[in-house]
Amino acid sequence: MRATVIHAPHDIRVEEVPDPAIRQPTDAVVRVLRACICGSDLWAYRGESARQPGQRIGHEFLGVVEETGAGVGGFAVGDLVVAPFVWSDGTCAYCADGLTTSCPEGGFWGSVGSDGGQGEAVRVPHADGTLVKLPAAAASDDRLLTALLALSDVLGTGHHAALGAGVTKGSTVAVVGDGAVGLCGVLAARRLGAERIIVLGRHTARTDIARRFGATDVVAERGEAALAAVRELTRGEGAHSVIEAVGTEQSMRTALDIVRDGGAIGYVGVPHGSASGVDLGVMFDRNIALRGGVAPVRTYIPELLPDVLDGTIDPSPVFDLSIGLDEVPAGYRAMDGRTALKVLITP
């Protein structure tokens, strides 16, 4: 089959690789119908996170079950399924607690020795604990299929950030980051009943999507001017909840500067940079809570799925460029150059 591999920074290729095959009775093989490029993939692309030459890449996909191991009881050949970006066994203590990303038997797609989502097919370990079945009719609805793909990562990650930030009905929320996760954080905040949602972003195409998703205010300023703008919008107090969806030292400092005393920050931006930007003394004095991390999206899919199916939430606009598998290297260049928000791949 064909799959995306990374050989070195800025060296992404689509190559012939061995077809996936059942190795364990709990495995399934899924033929990929939709995949995408994540903003976190860019850290490997830019050389800021290590990868072995020839390693697979991509962790978001949905598709059709083509084969199952003898131990798989929840799925059959032909089922339409979505995969969260981490596989998990569904039986351990962490999975029972909903923290599927800490499953001792779990792993990330594209890790050494595993298939990546940006290919024609994927071997799925622990299929019963990992995959979620989708309505078969969705396979013929291109818009819905694209929206359902967001369940594999960005929609659940935005939801995780909103929960970490303590978003409640009637609250004021600020979102730091106008990428796909930040925009899905807007959707999640609106779904949880936030009354005011302030997005910090200066790319009009992205902030237009934010408004479509439920943002009430956009702050395009940067630095001290941005902080002043948020304070003005919040009677000088700051936001009850802040979603941090970037992961840099500066973005975390911004989150701390705009959160209200007694408020909370939900952080889901993959950390990168020289420091965290967190001052525990400031957090202590102002009673600020900090919650977040790797989103256990497998736990959230059953809750979010009905709202995607009935159109209550529609994350599909975050995919603003659609390409075939052979065009994946160009897709990385587009996202790296910020000419695309999130690239949809149709193998």
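The values are calculated or read from the model by the stated rules, or taken from the named source; none is laboratory data. Computed from a predicted model, the values in this text were never measured in an experiment. Cβ sites come from the backbone with ideal geometry, for glycine too, and all protein chains shown count toward neighbours. Calculation scope for accessible area: heavy atoms of the full protein, side chains included, ligands and nucleic acids excluded. Shrake-Rupley method; radii C 1.70, N 1.55, O 1.52, S 1.80 Å.
Ignoring ligands, DNA and RNA, what percent of the 1.4 Å accessible area of region 1-96 is carbon and sulfur? Reported share for carbon and sulfur atoms: 49 percent. Split the accessible area of region 208-318 by element, probe 1.4 Å, and carbon with sulfur accounts for 51%. Can you give me the angle between helix 204-213 and the longest principal axis of the chain, using Cα atoms only, in degrees from 0 to 90, rounded to the nearest 10? Long axis of 204-213 versus the principal axis of the chain: about 90 degrees. Take region 78-120 with all the other protein chains still there, run a 1.4 Å probe, and you get 38 Å² of accessible area per residue. Helical runs assigned H by DSSP (4 residues or longer) give the chain a calculated mean residue ellipticity at 222 nm of -8500 deg cm²/dmol, each run adding -39500 (n - 2.57) before division by the residue total. Summary of the geometry: region 281-346 and region 86-124, compared by the centres of their Cα atoms, lie 18 Å apart.
Of the residues ALA174, ALA127, ALA76, the one that moves most in a GNM of the chain with alpha-carbon contacts below 10 Å is ALA76. Full extension of the chain between VAL77 and ALA137 gives 20.1 nm of extra length, using 0.36 nm per residue less the Cα-Cα distance. Note on GLU195 and ARG23: their simple-model spin labels are 5.3 nm apart, each label 7 Å out from Cα toward Cβ.
Each label point was placed 7 Å from the Cα along the Cα-to-Cβ direction; for GLU303 and GLU327 their separation is 3.6 nm. Quick check on region 1-114: take the gyration tensor over C-alpha atoms, sort the square-rooted eigenvalues as a ≥ b ≥ c, and tell me if it's rounded (a/c under 1.5), prolate or oblate. Since a/c reaches 1.5 but b/c is at least a/b, the shape of region 1-114 is classed as oblate.
Given their separation in residues at 0.36 nm each and the Cα-Cα distance between them, ALA225 and GLU249 gain 6.8 nm when the chain is fully extended. Summed over the residues of region 172-276 and divided among them, the accessible surface reaches 41 Å² per residue at a probe radius of 1.4 Å.
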